[in-house]
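Encoded as structure tokens, the structure appears first; notes follow it.
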Amino acid sequence: MPETIFSRILRREIPADIVFEDEHVLAFRDLHPQAPVHVLFIPKQPIATLNDATPAQAELLGRLLLAAAAYAKAQGFAEDGYRVLMNCNRDGGQTVFHIHLHLLAGRPLTWPPG
Ligand code: 5GP
């Protein structure tokens, strides 16, 4: 898998506003936030796209979701609500090929997305 900007954030080679970290997951604020809260949850183990995830990585994928929910609860916006999403490849709008869960909150989010 080619190197991405997120690998460099993981290695602390470039700065990021990190809001959560555990053994498996790193979370940091998006550089170009699309909502008052816009945090990216990434696995420390790089996976290029959701298409590349394997059943052996099911627990890791679940950890991204649970970390996002825990963050929403800890920050006090879980009850108001939030959105989590993962873009995949060109039509999904993926630009960084190290999977990441977007957590968006802090304003009413419209549906359908663009
Ligand atoms: P994608 O379009 O792949 O789903 O999302 C990539 C996200 O990464 C975008 O929302 C973009 O703003 C964010 N991003 C790209 N480069 C950087 C960076 O260097 N630092 C941070 N914090 N976010 C980045």
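Which condition from (1) without any contact (Cβ under 8 Å) to a residue 60 or more places away in the chain; (2) within 9 Å of the ligand (Cβ to nearest atom); (3) open to solvent by less than 50 Å² (accessible area, probe 1.4 Å); (4) of a type outside the set (A, V, I, L, M) is the one that residue 95 breaks?
For residue 95, the failing item is (3).
Which residue pairs have Cβ atoms under 6 Å apart, sit 6 or more places apart or on different chains, and have a first residue in segment 6-34 that is closer than 21 Å to residue 69 by Cβ and a second that is basic (Lys, Arg)?
Between residues of segment 6-34 that are closer than 21 Å to residue 69 by Cβ and residues that are basic (Lys, Arg), the close pairs are 17/29; 24/44; 24/63; 25/63.
Among the residues of segment 10-32, what is the count of those that are farther than 15 Å from residue 101 by Cβ and near the ligand (Cβ under 8 Å from one of its atoms)?
5
When only residues in segment 63-92 that are within 11 Å of the chain's Cα centre (by Cα) and part of a loop (DSSP other than H, G, I, E, B) count, which is nearest to the ligand (Cβ to nearest atom)?
Among residues in segment 63-92 that are within 11 Å of the chain's Cα centre (by Cα) and part of a loop (DSSP other than H, G, I, E, B), the one nearest to the ligand (Cβ to nearest atom) is 87.
Residue-by-condition table, conditions (1) open to solvent by 90 Å² or more (accessible area, probe 1.4 Å); (2) not polar (S, T, N, Q):
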position: 13; (1), (2): yes, yes
position: 16; (1), (2): no, yes
position: 23; (1), (2): yes, yes
position: 36; (1), (2): yes, yes
position: 44; (1), (2): no, yes
position: 57; (1), (2): no, no
position: 63; (1), (2): no, yes
position: 67; (1), (2): no, yes
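The values are calculated or read from the model by the stated rules, or taken from the named source; none is laboratory data. Remember, it's a predicted structure, so these values are computed and weren't measured experimentally. Ideal geometry is used to build each Cβ from the backbone, glycine not excepted, and the neighbour counts take in all protein chains shown. Keep in mind that these areas ignore ligands, DNA and RNA; they rest on the heavy atoms of the full protein, side chains included. Shrake-Rupley method; radii C 1.70, N 1.55, O 1.52, S 1.80 Å.
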